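The values are calculated or read from the model by the stated rules, or taken from the named source; none is laboratory data. From a predicted model like this one, the values you see are computed outputs, not experimental measurements. Cβ atoms come from the backbone with ideal geometry, glycine included; neighbour counts cover every protein chain shown. The area values use the complete protein model at the heavy-atom level, side chains included, leaving out ligands, DNA and RNA. Shrake-Rupley method; radii C 1.70, N 1.55, O 1.52, S 1.80 Å.
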Amino acid sequence: MAIKYRWVAERLELMIERQIQKGIHKLPTEQELCDRYRVSRQTVRTALKLLEQKGVIAGKQGSGYYITGRSAKPQGNVIGILISSDQEYIYPGVITDIRGILSPAGFTDRIFTTDNSVSREREILLSLLKNPPRGLIVEGSKSALPNPNLDLYRRLMKTGCRIVFLFNYYPALPDCLCVKDDNYYGSTLLVQYLAAQGHREIGGIFKADDMQGVERYQGYMEAMRDLGLPLSDERVFWYGSRELDRLLHSRDTRFLRNMVADCLSGCTAVVCYNDIIAYYLVDELLLAGYELPSGMAITAFDNTYFSNSDILTVTTLSHQPHEMGTRAAEAMIRQLSGQPVSSQEARWKLNLKESTQTQA
């Protein structure tokens with residue numbers, strides 16, 4: 001029996017790999033396995049227990065055995081994480097939170113940084129096709145624009161690789177799960193708060209090539225409209241990944257200086273795409289002669305260390321601690337194990353700080 005049960009276990013491992021690729025997560029019954037491999041029920045049970053010890057399957061009382069999503073081969077339990085950066089802003093914390101869920105479940109991660117570049121994203125995906133991971137957690141690159149790498153994502157999906165998008169998604173891949181911010185609600189929350197403080201002339205600065213920027217803009221404009229506040233294209237400023245890169249690596253703030261001169265004249269408040277923009281905007285407003293916060297109320301998204309400078313703390317939005325990375329990792333594990341899971345949006349919470357005040 002010792003030889004037989006190991007032989008059955010090897011056959012089952014091959015079956016499991018095929019079933020994972022097909023999205024089938026329940027194993028045949030013990031009797032069906034006995035008939036298929038022409039062995040005794042005791043041999044089948046011993047083989048199943050061996051795979052259960054490896055973490056490949058899990059038994060449910062009265063229901064049978066189910067695939068956990070893990071492979072019997074350690075190298076087969078890799079989850080790739082494609083993300084803009086692993087060193088800046090929110091990303092180190094998000095990666096730590098993802099690892100905190102994946103590791104206890106028996107998965108390892110590999111980090112790939114795209115720098116929000118579709119060409120870099122393509123290089124990474126081509127390399128992954130040589131040895132596809134069990135799954136990918138992906139922050140899309142320039143997600144507001146058409147993406148040329150959908151063919152590679154589809155090829156990876158055909159290998160059984162599961163994909164969970166984080167923060168944004170590609171609409172042309174509707175079958176993939178997504179964990180993202182409720183950006184419409186976030187902008188609405190900020191505009192409603194500013195309006196309640198007496199502001200009517202509210203400017204906005206948004207990122208043009210990421211889905212989050214487009215959604216935050218739409219929430220901002222719809223909230224302005226619904227509150228009967230003036231809608232003005234001239235008070236909205238757009239920037240892209242190139243300007244952000246120059247800001248972060250060369251402290252090039254010319255686009256913000258232009259925004260102060262071209263868009264904020266006549267405004268008493270502004271909604272910023274995130275805390276980074278708000279942080280550098282404070283300096284440009286002070287250089288332009290604004291009194292802060294009395295001359296300009298500033299709001300933003302993310303509630304990071306950028307919102308807590310010594311010069312001025314910025315009213316900003318946040319999620320529950322560890323929420324986004326944890327949700328993405330949990331969605332991946334549930335998907336791999338065949339449990340019900342759907343795309344999710346995380347709601348924002350308002351954090352009031354020095355940068356906003358009541359208007360007379």
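For Ser119, the conditions (1) of a type outside the set (D, E, K, R); (2) under 30 Å from Ile67 (Cα atoms); (3) under 20 Å from the mean Cα position of the chain (by Cα); (4) not in a loop (DSSP other than H, G, I, E, B) are fulfilled apart from (2).
Criterion applied to Ser337, Ser342 was being of a type in the set (Ser, Thr, Tyr) and within 30 Å of Val191 (Cα to Cα), and the one residue passing it is Ser342.
Just one of the numbered conditions (1) assigned to a helix (DSSP H, G or I); (2) touching a residue at least 40 places away in the same chain (Cβ under 8 Å) is not true of Ala144: (1). The number of residues in region 246-292 being within 22 Å of Thr316 (Cα to Cα) and acidic (Asp, Glu) comes to 4.
Scanning for something out of contact with any Asp or Glu (no Cβ under 7 Å at 6 or more places or on another chain) and part of a helix (DSSP H, G or I), does region 340-360 turn up at least one residue? No; the residues of region 340-360 include none that is out of contact with any Asp or Glu (no Cβ under 7 Å at 6 or more places or on another chain) and part of a helix (DSSP H, G or I).
In region 16-47, the qualifying residues are those that are modelled with pLDDT of 90 or more, under 29 Å from Arg134 (Cβ atoms) and open to solvent by 80 Å² or more (accessible area, probe 1.4 Å), and the one that is farthest from the chain's Cα centre (by Cα) is Arg36. Region 214-306 holds helices (runs of 4 or more DSSP H) entirely within its bounds, and those carrying 1 or more residues that are closer than 28 Å to Pro321 by Cβ and open to solvent by less than 10 Å² (accessible area, probe 1.4 Å) map to 241-250, 275-287. Among the candidates Ile98, Ile124, Ile111, Ile79, the residue that is open to solvent by less than 40 Å² (accessible area, probe 1.4 Å) and either assigned to a strand (DSSP E or B) or in contact with an Asp or Glu (Cβ under 6 Å, 6 or more places away or on another chain) (or both) is uniquely Ile79. Residues in region 324-338 that are at pLDDT below 95 and under 20 Å from the mean Cα position of the chain (by Cα) were compared, and the one that is least open to solvent (accessible area, probe 1.4 Å) is Leu336.
Exactly one residue out of Tyr89, Tyr65 is on the phi > 0 side of the Ramachandran plot and open to solvent by 20 Å² or more (accessible area, probe 1.4 Å), and it is Tyr89. Among residues of region 100-116 that are closer than 25 Å to Leu248 by Cβ and of a type in the set (Phe, Trp, Tyr), those with a beta-carbon under 9 Å from a residue that is open to solvent by 40 Å² or more (accessible area, probe 1.4 Å) and in a helix (DSSP H, G or I) at least six positions away or on a different chain give the pairs Phe112/Arg120; Phe112/Ser127.
So that you can scan it fast, the table gives a plain yes or no per residue for (1) free of Cβ contacts under 8 Å to residues at least 60 places away in the same chain; (2) of a type in the set (Asp, Glu):
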| position | (1), (2) |
| --- | --- |
| Val78 | yes, no |
| Asp86 | yes, yes |
| Arg122 | yes, no |
| Leu126 | yes, no |
| Gly135 | no, no |
| Ile163 | yes, no |
